[in-house]
1. Give just the number: which of (1) part of a strand (DSSP E or B); (2) touching a residue at least 60 places away in the same chain (Cβ under 8 Å) does Cys389 not satisfy?
2. Please state which one of Gln222, Gln214 is over 18 Å from Ser135 (Cα atoms) and modelled with pLDDT of 95 or more.
3. When you go through Gly49, Gly65, Gly44 one by one, which is the residue that is more than 25 Å from His390 (Cβ to Cβ) and touching a residue at least 12 places away in the same chain (Cβ under 8 Å)?
4. If you take the residues of segment 274-295 that are near the ligand (Cβ under 9 Å from one of its atoms) and not β-branched (Val, Ile, Thr), which of them is surrounded by the most Cβ atoms within 10 Å (Cβ to Cβ)?
5. Could you tell me how many of the residues in segment 19-53 are surrounded by fewer than 18 Cβ atoms within 10 Å (Cβ to Cβ) and assigned to a strand (DSSP E or B)?
6. If Gly247 satisfies every condition in (1) within 10 Å of the ligand (Cβ to nearest atom); (2) more than 18 Å from Ser353 (Cβ to Cβ) but one, which is the exception?
7. Output the number of residues of segment 369-391 satisfying the condition of being in contact with a strand residue (DSSP E or B) (Cβ under 8 Å, 6 or more places away or on another chain) and more than 16 Å from Ala227 (Cα to Cα).
Amino acid sequence: MLKNIDESKNSMIRATIVLKPSRETSLKRRHLWVFSGAVAQVEGKPEVGDLVRVVTCQHEEIALGLYEGDSIFVRILTFTPDLFTSEEDLFRERLNAAYRLRLALGLIRSDNNVYRLVYGEGDGLPGLIIDVYGSTAVLQAHTVGMYRRRTLIAHILQGDFPEFGIKAVFDKSVMTLPETMDFATVNSYLVGEAIEEPLFENGLRIAADWLHGQKTGFFIDQRENRALVAQYAKDKHVLNLFSYTGGFSLYALKGGAAKVVSLDSSKRATEAAAQAVNDNFEEAIAARHDTVTEDAFEYLSGLTKGTYDLMIVDPPAFAKRRGNIRNALSGYRKLNALALEKVASQGFVFTFSCSQLVSLQDFRLALLTASLDAQRPIRILRQLGQAPCHPINIYHPETEYLKGFLLYVE
Ligand code: SAH
């Protein structure tokens, strides 16, 4: 039986979660998750997604949050409930604050209309992602609590703040909601409908297909790193591994690369990359671009050393679960050893891990061992991370996930 989601129950505090003695420490340090192991008792019968109060064993109120009842038991919405008259008020304030930050970051311009508006715990809205593509916002709920509030969120985005310029809101939560959920979902427009309009990142025309593409359609988190590639690309032979729709390749061409190859195992991705290049550049420059649809490991294995003097290595997350970390690290080691072995002398490698579970130190160690395996000495020129429209919540370290290095290979 599928349950109906009753949105009318939002905004009412439905239960009180009592913590075990001294288990409030992490919340007092402003971490946003209450784990099930910290919970002594649940007073009331909350449903997943309900607003709940979290109290210490002395019944001192600490926070309000959304109930999940899983190993993450509650995600905190606010430590200062008195500041808000209603849940709607809180959402309105948080969405507005998120927008102001992106505005202050200079991301909202006629030549840059693609950015992440809400980065979950990084923007005080746990479990919610919103990416903006021109006048369309693409929403992904990672929790039932946020999913239950999607209509409210969509209406605030589109109706309450005309300056946001949002005319349509597309919900793409089917893949991100917990598997344990017992109701049916479809991806659909909550407000408005498909809008044809040009999308730009730093003046480059990009195509984002939120209906069929990965995530919300584009990897916005790499914006700053792509811009950095442009700075290093002049006259270089560039290999963009795991290119997806060719984001890094566009910047390399803009930076004056002599040759750029976009490689992805997905044909749909390499076709989109070729199209993106044609959309942006005149024929003479577009002719410097090629695509390869192949497995990255196989391609690198067969490659002649020195063919490329700049490589981008941006694979999908190798570790999606805690149990996979070891395998993930050996995957990063193997992949990077291949890239380091094959890049030209005095070459540059931009290498990334987007696995939240793999720490910066572990990734760095994997690169160290990869360089020993490849017998190619490396130096770190820059440490790289996620674009600032994915702000890291210092109290909630899980918000840091993308790490990268620009390596110089002797
Ligand atoms: N760098 C991209 C994002 C990469 S997403 C950007 O800036 O937009 C990861 C990509 O890796 C996906 O497009 C996926 O199709 C591709 N991929 C996954 N496994 C692969 C493999 N073994 N070899 C080549 N490509 C792979």
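1. Result: Cys389 passes all but (1).
2. Testing whether each residue is over 18 Å from Ser135 (Cα atoms) and modelled with pLDDT of 95 or more leaves just Gln222.
3. That would be Gly44, the only listed residue that is more than 25 Å from His390 (Cβ to Cβ) and touching a residue at least 12 places away in the same chain (Cβ under 8 Å).
4. Selected residue: Glu294.
5. So the count comes out to 6.
6. With (1) within 10 Å of the ligand (Cβ to nearest atom); (2) more than 18 Å from Ser353 (Cβ to Cβ) applied to Gly247, the lone miss is (2).
7. The number of residues fulfilling the criteria is 8.
Let's see how each residue does on (1) of a type in the set (S, T, N, Q); (2) within 14 Å of the ligand (Cβ to nearest atom):
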position	(1), (2)
Asn187	yes, no
Val191	no, no
Leu204	no, yes
Asp209	no, yes
Lys215	no, yes
Gln222	yes, yes
Ala230	no, yes
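The values are calculated or read from the model by the stated rules, or taken from the named source; none is laboratory data. In this text the structure is predicted, and so the values were computed from the model without any measurement. All Cβ positions, glycine included, derive from the backbone under ideal geometry; neighbour counts span all protein chains shown.
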